[in-house]
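Report on the structure given below.
Values quoted throughout were computed directly from the atomic coordinates according to the rules given, and no laboratory measurement underlies them. Not measured: the values here are computed from a predicted model.
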Amino acid sequence: MKNLIVHGALFVTLGLTTLASYAATDAKLITEQDAITAALAEVGVEVLGIRFDEPDTQWDVFVRQGDKAFEIEVDAKSGKIIAAEEETLAEIQAELSGDLSHEGVEGDVDK
């Protein structure tokens with residue numbers, strides 16, 4: 001009787017797994033980017049833009065949360081956060097448009 005219950009529970013579990021797997025493969029799934037967008041929206045973060053900073057081999061990710069904006073520097077090799085700093089929306093727009101030069105480069109206006 002004990003074996004029968006175990007086998008019955010296994011049959012039900014396998015049946016549900018098979019049904020769930022079938023439903024997931026048959027349904028249209030959202031993309032990875034859509035999932036990220038939904039998650040960020042849930043916590044009130046909006047991605048304003050991203051650019052590759054070649055001299056530093058890093059990604060500069062610009063985000064806004066409420067009335068605050070941030071530049072988050074991500075090492076392109078390791079994926080680790082190098083720095084995160086609050087910036088104005090004007091600074092971020094200038095960086096994304098190319099109006100601000102790379103830090104440390106002669107003529108840099110973002111020091």
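Backbone amide hydrogens, once placed in the peptide plane, bring Leu100 within less than 5 Å of Glu95, excluding anything fewer than 5 places away on its chain. Taking a ≥ b ≥ c as the square roots of the Cα gyration tensor eigenvalues, with a/c under 1.5 meaning rounded and otherwise prolate when a/b beats b/c, else oblate, which class fits the stretch 26-88? Judged from the Cα gyration tensor, the stretch 26-88 comes out oblate (a/c at least 1.5, b/c at or above a/b).
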